[in-house]
1. From the residues in region 137-162 that are within 15 Å of the chain's Cα centre (by Cα), open to solvent by 30 Å² or more (accessible area, probe 1.4 Å) and of a type outside the set (A, V, I, L, M, F, W, C), which one is modelled with the lowest pLDDT?
2. Among the numbered criteria (1) open to solvent by 50 Å² or more (accessible area, probe 1.4 Å); (2) touching a residue at least 12 places away in the same chain (Cβ under 8 Å), which single criterion is violated by residue 66?
3. Can you find, within region 16-25, the residue that is most open to solvent (accessible area, probe 1.4 Å) among those that are of a type in the set (A, V, I, L, M, F, W, C) and within 15 Å of residue 100 (Cα to Cα)?
4. Look at region 26-43 and say how many of its residues are among the hydrophobic types (A, V, I, L, M, F, W, C), closer than 20 Å to residue 138 by Cα and either open to solvent by 60 Å² or more (accessible area, probe 1.4 Å) or not in a helix (DSSP H, G or I) (or both).
Amino acid sequence: MRHRPEAAGAVPSKLWGHLACWWSVTFAGLHVYWAVGGDVGLSVSAGPLAAERPLWFVLAGLWGVGALCLVAALSAWLLTRSGLRGAAASAVRWLGWGVSALLLVRGIGVEVLLLTGTAQVDDSVSAGQRIWTLALWNPWFVVGGLAFGLAALRSHRHATTRQRLGGAPGTHAPVTLRAREVPPPQGPPPPPCGRPFGPEGRGTPRAPDAAP
C-alpha cells in the first residue's frame, strides 16, 4: 500500500484573492465618500468635475463606480472559495480575468502615455493632477489588476489539480494499492510431512525404537 503525497496547490492560495477583495472594498469606500460630499483627493482625481459635481458624474462616476467595485470585491472573495463548481466557477474566473485586464490597461496604458508625452493633456488638467495620477492612481490600478489576475490564476490551477486528483478539496489523493509480487518457488517441491525422501526418491518408513 502506498500513499501518494498531496499535490502542491491542492488547497488554493487565498492571499491574492483577499488582496483583490480589500483593494475593491477600499476603492468602493473612497467613491462612496466622494459621492456623499467628501472632497479630499477628488480634485486631483477628477479635476474640474470635483467642483462642478454634475448629476451624471455623481451617479455614474461615483455611485456607479462604487457599486462596480463592490461587485468586483464579491468576485474576488468567491475566487478564494473551494466550493464553486462548473459554470459558476468558470464565470467567476472569467470575471476576475476581465477585471484584471481592465485595471492593467487603465494603469499601464495611462502611465505610459503620460510618461512618454504621447497623450494630449487638456489644459484643464492641473500639474498636481498629473503628478497624483502618475504617483498614486496608475500604480493603484496596476496593483489591483495584478491581484485579480493572480487570484484567477490560482483558482484555475486549483480547479485543474482537483480534477486531476479526482478528490474533494482539502483531502488527500486517492490511495493507490499494488498487489505484492511473490516470486515463483525455486527447486523441487518440499517432501510430505513425516516421510523423508530415500535414495530412490521413495518414502521409507521410520523403524520403531528398540525397547530397553
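1. Checking each candidate, the answer is 162.
2. Failed condition: (1).
3. 22
4. So the answer is 2.
Conditions (1) modelled with pLDDT of 90 or more; (2) closer than 18 Å to residue 18 by Cβ; (3) of a type in the set (Lys, Arg); (4) crowded, with 17+ Cβ neighbours inside 10 Å, marked per residue:
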{"site": "45", "(1), (2), (3), (4)": "no, no, no, yes"}
{"site": "55", "(1), (2), (3), (4)": "yes, no, no, no"}
{"site": "75", "(1), (2), (3), (4)": "yes, yes, no, yes"}
{"site": "81", "(1), (2), (3), (4)": "no, yes, yes, no"}
{"site": "95", "(1), (2), (3), (4)": "yes, yes, no, yes"}
{"site": "98", "(1), (2), (3), (4)": "yes, no, no, no"}
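The values are calculated or read from the model by the stated rules, or taken from the named source; none is laboratory data. Values in this document were obtained by computation on a predicted structure and should not be read as measured data. When we count neighbours, we look across all protein chains shown, and the Cβ atoms used for this are built from the backbone with ideal geometry, even at glycine. Side chains are part of the model used for accessible areas, which takes the heavy atoms of the whole protein and leaves out ligands, DNA and RNA. Shrake-Rupley method; radii C 1.70, N 1.55, O 1.52, S 1.80 Å.
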